[in-house]
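The values are calculated or read from the model by the stated rules, or taken from the named source; none is laboratory data. Values in this document were obtained by computation on a predicted structure and should not be read as measured data. All Cβ positions, glycine included, derive from the backbone under ideal geometry; neighbour counts span all protein chains shown.
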Amino acid sequence: MVSAKQMLALNYRDGCCRTPGCGRTRFLHAHHVKFWGRGGNTDLDNLIMLCGTCHRALHDDLFTITALGEQKFEFRYADGGVIDPAPPTEGFADDLLRGDVPDDAIVPAWGGEPPPRSRGQRHPRRLGRVSKHWSSQSESVVNNRTTLAFR
């Protein structure tokens, strides 16, 4: 059983679901990496926060978690491949200056050209605009179906 102080420490350390790429912050569960019933300790080196979806996926053997010690964990797919940790979505500029992020990481590969359109496709900027011809529409009934004609 996880104590209230351990839950506070887990929430402070993890802050969200620790599964790479998840990041959910609500309905989190404290999970014993090595099961308590199989001799796993209830300490921060063996506890990790998971959302309900990831917790179920873990128990359905879709991935595994290994405790590496010093409150570090490794995630692996069911086939044994390592799940790389997701990069942080927030942080300090010092992290960028350390050199962990390549210089061209935020340089777009797109040169600004408009995307190709198929013939007859409306221009994306014109979607949702009312055409001036729509104001002069008339309604007719043919074979019990209402149709709109635009002039």
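Residues in region 1-21 that are touching a helix residue (DSSP H, G or I) at 6+ places or on another chain (Cβ under 8 Å) and without any contact (Cβ under 8 Å) to a residue 40 or more places away in the chain: Cys17 only. Checking the structure you have, find out if any residue of region 13-21 is at pLDDT 90 or above, more than 18 Å from Pro85 (Cβ to Cβ) and not in a loop (DSSP other than H, G, I, E, B). Checked against the condition, which is being at pLDDT 90 or above, more than 18 Å from Pro85 (Cβ to Cβ) and not in a loop (DSSP other than H, G, I, E, B), region 13-21 yields no hits at all.
Would it be correct to say that Asp84 is surrounded by 15 or more Cβ atoms within 10 Å (Cβ to Cβ) and acidic (Asp, Glu)?
Spelling it out, it is not the case that Asp84 is surrounded by 15 or more Cβ atoms within 10 Å (Cβ to Cβ) and acidic (Asp, Glu).
For region 52-76, taking the residues that are in a strand (DSSP E or B) and within 17 Å of the chain's Cα centre (by Cα), the one that is farthest from Arg13 (Cα to Cα) is identified as Phe63.
In this structure, Arg26 does satisfy being basic (Lys, Arg) and surrounded by fewer than 15 Cβ atoms within 10 Å (Cβ to Cβ).
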